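Down below is the structure, laid out as structure tokens.
The values are calculated or read from the model by the stated rules, or taken from the named source; none is laboratory data. These figures come from a predicted structure and were not determined experimentally. Every residue, glycine among them, receives a Cβ derived from its backbone with ideal geometry; neighbour counts consider all protein chains shown.
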Amino acid sequence: MKKVKKESGFTLLELLLVVGVGALLIIGGIATYRMVVEGNRVNDSIRILTTIKQETQQLYQGQNNYGAAGADLTVILQNIKALPNSLLHPFNDAITVTVSGDPTHFEVEFANVPSSACNKLAKSMLEPTDVEQISVGGAVVLDNTALSDPATDFVGAINPACGTNTWQNITWEFR
């Protein structure tokens, strides 16, 4: 009697199933990684913005204004280490700090923030009472002097201003 040798190994279907599951895991990991990286960049941006705001207010404490309207405060703030050395926010574009049209206010602008982070970043300064205005792409989305309920009115204006799949400049005006 002849002995039948049993073959061992995987079928093509089993191999395709393993490869498919592996591909899904890799795609899910990449998507999660991107969300985590963007979340970290938003958090770093908020930290930098808060530092700039506090350092500027502290530097000019006791003075009746921040200087001449339109004056660039970026170099002054960089000299006291209130700005990153590169003058770039975590989304790798420019940070500028200027005296606003009202010399008792100053503006901080982050250029070219992705729309996916725009909403979170713009909302990050909704609570401080020293925020006068927030603009996205040149459009004022929060004006604390004009709105009856800034939080409600702001939420309705921010989503269309940030858009989708675009890059926007965000400007905060502080007292």
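Please verify whether region 97-112 includes one or more residues that are of a type outside the set (Asp, Glu), in contact with a Pro (Cβ under 9 Å, 6 or more places away or on another chain), farther than 21 Å from GLY138 by Cβ and surrounded by fewer than 16 Cβ atoms within 10 Å (Cβ to Cβ). No: zero hits. One residue stands out in region 113-135 among those that are among the charged types (D, E, K, R) and part of a loop (DSSP other than H, G, I, E, B): the one that is surrounded by the most Cβ atoms within 10 Å (Cβ to Cβ), namely ASP130. Search region 140-173 for residues being closer than 18 Å to ASP102 by Cα and at pLDDT 85 or above, and hand back the single one that is surrounded by the fewest Cβ atoms within 10 Å (Cβ to Cβ). Going through the qualifying residues, I end up with VAL140.
Listed by first and then second residue, the pairs linking a residue in region 56-83 that is in contact (Cβ under 8 Å) with a residue 60 or more places away in the chain and among the polar types (S, T, N, Q) to a residue that is surrounded by 16 or more Cβ atoms within 10 Å (Cβ to Cβ) and outside any loop (DSSP other than H, G, I, E, B), with Cβ atoms under 9 Å apart and 6 or more places separating them unless they lie on different chains, are THR56/ILE76; THR56/LEU77; THR56/VAL97; THR56/PHE106; THR56/VAL108; THR56/PHE174; GLN57/PHE106; GLN57/PHE174.
Screening the candidates LEU24, LEU49 for the property of being among the hydrophobic types (A, V, I, L, M, F, W, C) and farther than 23 Å from SER135 by Cβ yields one hit, LEU24.
Residue selection: GLY67 satisfies the criterion of being closer than 30 Å to VAL99 by Cα and out of contact with any Gly (no Cβ under 9 Å at 6 or more places or on another chain).
Filtering region 59-84 down to residues that are of a type in the set (A, V, I, L, M, F, W, C) and assigned to a helix (DSSP H, G or I), which residue is surrounded by the fewest Cβ atoms within 10 Å (Cβ to Cβ)? Step by step, filter region 59-84, then rank; the result is VAL75. In a residue-by-residue description of region 18-37, the property of being touching a helix residue (DSSP H, G or I) at 6+ places or on another chain (Cβ under 7 Å), closer than 21 Å to ALA111 by Cβ and surrounded by 10 or more Cβ atoms within 10 Å (Cβ to Cβ) applies to no position.
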